[in-house]
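Data first, discussion second: the structure below is written as structure tokens.
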Amino acid sequence: MQFDIAGQIEFEISGRAGVVTLVRERALNALNHGMIKAMSAALGEWQSDERVQVVVIKAAGRAFSAGGDLLEVHTRGMAGDPPYGFFADEYRLNAWLGVYPKPIVSLIDGIVMGGGVGISVHGRYRVMTENAVFAMPEVGIGFFPDVGGSHFLPRLEENFGLYLALTGDRVKSGDALKCGIATHSARSDDLDNILRLLSETGDPEKVLSDLCDPAKAAPASHDHKHIRHIFTGDTLTDVISNLRSRTESDPVAAICQEKMSSKCPVSMAVTFRQLAEGRGRSLAECMRMEYRILVRMLQGHDFYEGIRAVIIDKDATPQWDPDSLDKVTKDMVDAYFTSLENGDLEGVPDA
């Protein structure tokens, strides 16, 4: 199809379905600017194409999408050319998926993180298989859970979104279904049949109701009520104090405290405020807020240092600045949320 990018992303109209397939398998379907622009163009055409009654987003290989292309972000940032345009177009696409006039079904079979979450979680139907692994690990690389994380994470049940954002923990389909990340669960072997029936009928409600049996979904591996109990507090300091007070008697709290101890202090503080503010904002408002944060992080130190330590050198010893949460001031955090000098992100689709 005219929007295809060889070896990266493919589009087709199959019966009543417009099908997007990520095919950048060697890179775990990491998203780049070309893929984002191609998807936006295809969705724009399909919006008025009467043949397309449902949009399906899927991927080839063992990952749905591991996120954005962070190596490219690092290369350009270090060269003094941060990829503002990539993120601006990505955020516009994320917001559009949330208000797109036709139903969107994401078939998630494998790793889904970062940018991959952004192109899947805002659609009406999110189907996860036994192979699906969800995570928003951004605080571990000096970043923040963007692509609409400020909108969907605080709306997850039992405060599970805050837990995912601050620990970067990975969860499978049982937990994703329980907290609301996934709307349906299916066997990987059933996805071809689901796609066939969506193409034939254009009716995701009936197809998914018939083929996705909640009784067959994997059980949740986390105690979600307990997560809510230990991830409570009006401030990030309150949450951490609550965890610390329980570490000797509560193994879950101890594990969470250990995971959070290595995360970027500024990212943790920004993320806590981001989720608190996002709870009362529309998706479009969240994307504009996130773009403010994004610009400041692309102009800073920690994001590039996190990519270096985790992805490039893989030494797992990032040098955060500042290096502890008690050195992060309110003014530091406030600076990430103020209006941009050149104007906030424009052209964000809203309901």
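Readers should treat all values here as calculations from the given coordinates under stated rules, not as data from a laboratory. Note that this is a predicted model, so its numbers are computed, not measured. Here the Cβ is made from the backbone with ideal geometry for all residues, glycine too, and neighbour counts use every protein chain on show.
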Original post:
What does the charge dipole of region 180-308 about its Cα centre add up to, to the nearest 20 debye, if the Cβ of each Lys and Arg holds +1 and the Cβ of each Asp and Glu holds -1?
Top reply: 560 debye
Original post:
Among the DSSP beta bridges whose two residues both lie in the chain, what percent are antiparallel, rounded to the nearest 5?
Top reply: 30 percent
Original post:
Mean residue ellipticity at 222 nm from the helices of the chain, using -39,500 (n - 2.57) per DSSP H segment of n ≥ 4 over the full residue count, to the nearest 500 deg cm²/dmol?
Top reply: -12500 deg cm²/dmol
**OP:** Using a Gaussian network model of the chain whose springs link C-alpha atoms within less than 10 Å, name the residue from 70, 162, 97 with the highest mean-square fluctuation.
**Re:** 70
Subject >> Separation between Cα centres of region 47-120 and region 273-289, rounded to whole Å >> reply: 19 Å
**OP:** Report, to the nearest 10°, how far helix 236-246 tilts away from the longest principal axis of the Cα atoms in the chain, using its own Cα long axis and a range of 0 to 90°.
**Re:** 80 degrees
**OP:** Largest first and to the nearest Å, give the Cα extent of region 107-206 along each principal axis.
**Re:** 44, 23, 22
**OP:** Could you rank the peptides 328-334, 85-91, 172-178 by their average count of other C-beta atoms within 10 Å per residue, with the highest value first?
**Re:** 172-178, 85-91, 328-334
Original post:
How much of the calculated P(r) for region 9-335 lies past 36 Å, in percent of all Cα pairs?
Top reply: 17 percent
**OP:** Calculate the dipole size of the chain relative to its Cα centre from +1 charges on Lys and Arg beta carbons and -1 charges on Asp and Glu beta carbons; express the result in debye to the nearest 20.
**Re:** 420 debye
**OP:** Work out Dmax and Rg for region 21-147 from the C-alpha atoms and quote the Rg first, both in angstrom.
**Re:** 14.4, 46
Subject >> Charged-residue dipole, Cβ positions (Lys, Arg, Asp, Glu), region 56-145 about Cα centre, Debye nearest 20 >> reply: 360 debye
Original post:
Of the peptides 34-45, 121-132, 337-348, how do they stack up when ordered by the mean number of other Cβ atoms within 10 Å, highest first?
Top reply: 121-132, 34-45, 337-348
